[in-house]
Amino acid sequence: MELFDSHAHLNNEKFAEDLHETVLRAEANQVSYILNVGWDIESSKKAVELAQKYPNQYAAVGIHPHDADTYNPEAEKILEHLAANKKVVAIGETGLDYYRNLSPREVQQEAFKKHISLAKKLNKPLIIHDRDAHQHIMEILKKERASEVGVVLHCFSGSPQMALECVRMGWHISLAGPVTYPNAVKPVQVAQVVPIEKLFIETDCPYLSPQAVRGKRNEPAHVKYVAEKIAQIRKKSIEEIAYHTTENAKRFFRV
């Protein structure tokens with residue numbers, strides 16, 4: 001069995017003290033691939049460093065909507081330079097966050113569009129962060145023709161209806177720890193309805209620890225709990241869920 005943690009942040013300082021041990025635990029738990037995602041310039045650089053160091057790790061580079069006001073021509077030039085590395089397999093995470101509004105919404109939208117433009121220029125797929133911004137996310141992705149390069153909505157928090165609309169557009173849905181929570185409703189419904197060939201799994205570590213390890217720092221080894229829960233929901237074996245979600249992510253990210 002092989003698992004693919006399609007959205008991790010081992011480039012986060014919370015892993016500074018025990019990074020190698022964390023990687024070994026992931027391997028011991030059959031996590032064969034890890035995609036570390038940047039949220040600003042420094043974390044994007046760190047993601048690339050980790051991808052260079054570890055054969056089974058890959059990188060995405062981008063600027064999170066929280067820091068959208070730092071997206072400028074110089075930052076774009078750095079992202080483009082980083083993305084030239086063959087182990088950089090996506091642009092992101094980018095998108096909109098209307099929950100915290102740490103950057104003005106108009107600024108977030110402009111940075112989001114520029115990420116899409118960069119992804120199209122470089123022919124790399126997009127990793128989308130969407131929090132409380134479903135309508136504008138959908139509108140911008142459609143208007144900017146993001147389907148040309150491929151889209152995954154990470155840690156999907158929308159309705160099953162939205163998920164199916166995304167699938168109709170050819171996009172992918174990624175589920176994380178929240179699908180395991182006792183009060184989870186929408187993530188469970190999404191896990192039921194999304195075609196298996198459009199589904200990824202992730203940890204978003206160090207955040208969103210699955211229920212089995214709630215209250216502890218999340219890490220790639222824990223992606224197995226997401227796979228287990230989806231297997232339970234869909235009445236399939238964990239091996240089948242692992243196979244499909246891993247193959248989906250490998251194909252999408254071209255690894």
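General observations
- Reducing region 1-79 and region 81-155 to their Cα centroids gives an inter-centroid distance of 17 Å.
- Cα centre as origin, Lys/Arg/Asp/Glu Cβ charges: the chain dipole, Debye: 620
- Inter-site label distance for Glu106 and Glu21 at 7 Å from Cα along Cβ, in nm: 5.0
- Placing unit charges on the Cβ atoms of the charged side chains and taking the dipole of region 45-112 about its Cα centre, the candidate lying farthest along the positive direction among Pro55, Pro73, Asn85 is Pro55.
- Lys, Arg +1 and Asp, Glu -1 on Cβ, resulting dipole of region 59-160 about Cα centre, debye, nearest 20: 400
- 23 Å tail of the calculated P(r), the chain, as % of Cα pairs: 45
- Only one residue of Leu126, Val194, Ala227 has its Cα farthest out toward the positive end of the dipole of the chain, where Lys and Arg carry +1 and Asp and Glu -1 on Cβ, and that residue is Val194.
- For region 149-255, a simple Cβ point-charge model (Lys and Arg +1, Asp and Glu -1, everything else neutral) yields a dipole of about 80 debye relative to the Cα centre.
- Accessible heavy-atom area order of Leu24, Leu79, highest first, probe of 1.4 Å: Leu24, Leu79
- Within the accessible area of region 10-58, the carbon and sulfur atoms contribute 49%, probe 1.4 Å, all protein chains present.
- Rough spin-label spacing in nm, given labels placed 7 Å along Cα→Cβ, for Arg168 and Lys53: 4.5
The values are calculated or read from the model by the stated rules, or taken from the named source; none is laboratory data. Here the structure is a predicted model, which is why all the values come from computation and not from measurement. Every residue, glycine as well, gets a Cβ built from its backbone with ideal geometry; the counts of neighbours run over all protein chains shown. Each accessible area value is taken on the protein alone, full model and side chains, heavy atoms only, with ligands, DNA and RNA left out. Shrake-Rupley method; radii C 1.70, N 1.55, O 1.52, S 1.80 Å.
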